[in-house]
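**Student:** Quick one: this structure, given as structure tokens, is what I'll be asking you about.
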Amino acid sequence: RRRQELVDYLQVFNSPTDYQLFNPETGEQGRPANLLLWEYNSGALLDVTGGHNSKVTFSMIAQEQPVSVALAQKFEQSEMMNFSIHSLPLEEQALFKGLLLIPIGVLMVVFLRVMVGIKTSGTFMPVLIAVAFIQTQLITGLVGFLLIVGTGLVIRSYLSRLNLLLVARISAIIIMVISMIGLFSALAFKLGLTSGVKITFFPMIILSWTIERMSILWEEEGSKEVFRQGGGSLLVAVIAYLAMDNELIRHLTFNFLGLQLVLMATVLVMGNYTGYKLSELKRFKPLVDEMKSGVTPGKDK
């Protein structure tokens, strides 16, 4: 939570050790579960002399720390020797919480492409889309992605008639993508869909290249291959999102940095795999059926 302000509560004492909290605006009694009591007096939080329009805000982040880290912070004599991520400011800690999830998405992409054999548009584009889904939520992100890419393909088909150079064409697509994101965000806000405003988190350059690649693929391979790779990209992005959005995985990746080496080792092991992919089993299904029926492969029945 960022830019949070203090909220006044009324404290009523029944005895020196017994008191109750009341929300003076709603009259609700009791202490909410997400309430942090900052101070127990009615004095000023900030005294300013010669200043105007002063304001104090707070940033907070919820996290669980290993016992070793908590003890090291408590008894650390020199701050210069503390190289833990937990020693960073809250803004940077929140940033690293997101960055340390990207290897999880990369692991999903490697597994689904190398072991399963799912085709995607771009190598790691699904990971970036999954990161955007974390910000926008899954349903909103899927709808926004389909709207932007679908509209972009229509505009790209018109640009192909102008015989533009590649750099100019990509630049025009980037401008169109930004315009579409702004238009969809404004429309979603007017309709009361506040979550739709978050589609601005989509990586615009990646979306532009995705539209360009799919348009070329449509011209060279046909619509079937476009839907195959586009659907594969969305499937991989959704699976990566589900893995990255897991609360346990968030906790482990942030508090145990050594897991990044485990992820790297897993990727290296899968990178040496040169066998058949799971999707290729469909190619051998007729052969297996013939062998089960007692027909020699390659001969007429």
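The values are calculated or read from the model by the stated rules, or taken from the named source; none is laboratory data. Keep in mind the model is a prediction, meaning the values are calculated, not measured. Note that we place each Cβ from the backbone using ideal geometry, even for glycine, and neighbour counts take in every protein chain shown. All accessible areas refer to the heavy atoms of the entire protein, side chains included, with ligands and DNA or RNA removed. Shrake-Rupley method; radii C 1.70, N 1.55, O 1.52, S 1.80 Å.
**Student:** Hey, if we sort PHE284, PHE145, PHE13 by accessible area with the 1.4 Å probe, largest down, what's the order?
**Tutor:** The most accessible residue leads, giving PHE13, PHE284, PHE145.
**Student:** Whenever you get a sec, compute what percent of the accessible area on the chain sits on carbon and sulfur atoms (1.4 Å probe).
**Tutor:** 62 percent
**Student:** Okay, moving on. Rounding to the nearest 10 and keeping the result within 0 to 90°, find how far the Cα-based axis of helix 90-99 lies from the longest principal axis of the chain.
**Tutor:** Tilt of helix 90-99: around 20 degrees.
**Student:** Using a simple spin-label model with points 7 Å from Cα along the Cα→Cβ vector, what separation in nm is obtained for GLN135 and LEU263?
**Tutor:** 1.8 nm
**Student:** Sticking with this one: Separation between the LEU287 and THR49 pseudo-spin-labels, each 7 Å from Cα along Cα→Cβ, expressed in nm?
**Tutor:** Between LEU287 and THR49, the label points sit 8.9 nm apart.
**Student:** Assuming a ≥ b ≥ c are the square roots of the Cα gyration tensor eigenvalues, decide whether the stretch 103-270 counts as rounded (a/c under 1.5), prolate (otherwise, with a/b larger than b/c) or oblate.
**Tutor:** Oblate shape, in that a/c is at least 1.5 and b/c is the bigger or equal ratio.
**Student:** Also, I was wondering about something else. On average, how much accessible surface per residue is there in the chain, in Å², for a 1.4 Å probe, leaving out ligands, DNA and RNA?
**Tutor:** Computed with neighbouring chains in place, this is 68 Å² per residue.
**Student:** For the Cα atoms of the chain, what angle does the longest principal axis make with the long axis of helix 223-244, in degrees from 0 to 90, nearest 10?
**Tutor:** The answer is roughly 30 degrees.
**Student:** Express in Å², to the nearest 10, the accessible area of LYS97 obtained by rolling a 1.4 Å probe over the protein heavy atoms while all chains stay in place.
**Tutor:** We get 60 Å² for LYS97.
**Student:** Positive end of the dipole of the stretch 103-270, charges at C-beta (+1 Lys, Arg; -1 Asp, Glu), about the Cα centre: which of MET244, LEU234, ILE175 has its Cα farthest in that direction?
**Tutor:** ILE175
**Student:** For every helix of n ≥ 4 consecutive DSSP H residues, a contribution of -39,500 (n - 2.57) applies; sum these over the chain, divide by its total residues, and give [θ] at 222 nm rounded to the nearest 500 deg cm²/dmol.
**Tutor:** Roughly -17000 deg cm²/dmol at 222 nm, from the helical runs in the chain.
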